[in-house]
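Below is one structure, written out as structure tokens, with a few remarks after it.
The values are calculated or read from the model by the stated rules, or taken from the named source; none is laboratory data. Predicted model, so just to flag it, every value in this text is computed and none were measured. All Cβ positions, glycine included, derive from the backbone under ideal geometry; neighbour counts span all protein chains shown. SASA here: full protein model, heavy atoms, side chains in, ligands and nucleic acids out. Shrake-Rupley method; radii C 1.70, N 1.55, O 1.52, S 1.80 Å.
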Amino acid sequence: MNKGPKTLKAGGKRLWRNILDGWDVPAEQFCLLENVCRSQDRIDRLQRILDREGPVTKNRFGVPVAHPAALLLRSEVASFGQLYRLLMLDAPSGDAGRAGRPDGWEGGE
């Protein structure tokens, strides 16, 4: 099995393995797969920042505002969802137990 790009972090590598475990991803979609895994790494990094610093910060006037990482996280999660759908994969959920194309998927239109 392809281990994926060496620059992926733990979350991206885990997603890469989960998607390729039992699912055939056409060679022309490996770029999408790499991008969705990199997106996962960015989501993980932004979440760690928010866990450490909190979702609210103060601007230069001392007024509480949304942390910039929270705004970036929202955008990154949307991007992740779009990339995931482009791969024609089921959305991850606690019930599914695995990532990948839905059972019975035969590809093409």
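For this structure, a couple of remarks:
- Sorting LYS6, LYS58, LYS13 on solvent-accessible area from highest to lowest, probe radius 1.4 Å, gives LYS6, LYS58, LYS13.
- Along principal axes, Cα extents of region 32-73, largest first, whole Å: 42, 17, 10
- From most to least packed by mean Cβ count within 10 Å, the peptides 37-45, 60-68 give 37-45, 60-68.
- Normalising the average separation of contacting C-alpha pairs (under 8 angstrom, six or more residues apart) by the number of residues puts the relative contact order of region 1-68 at 28 percent.
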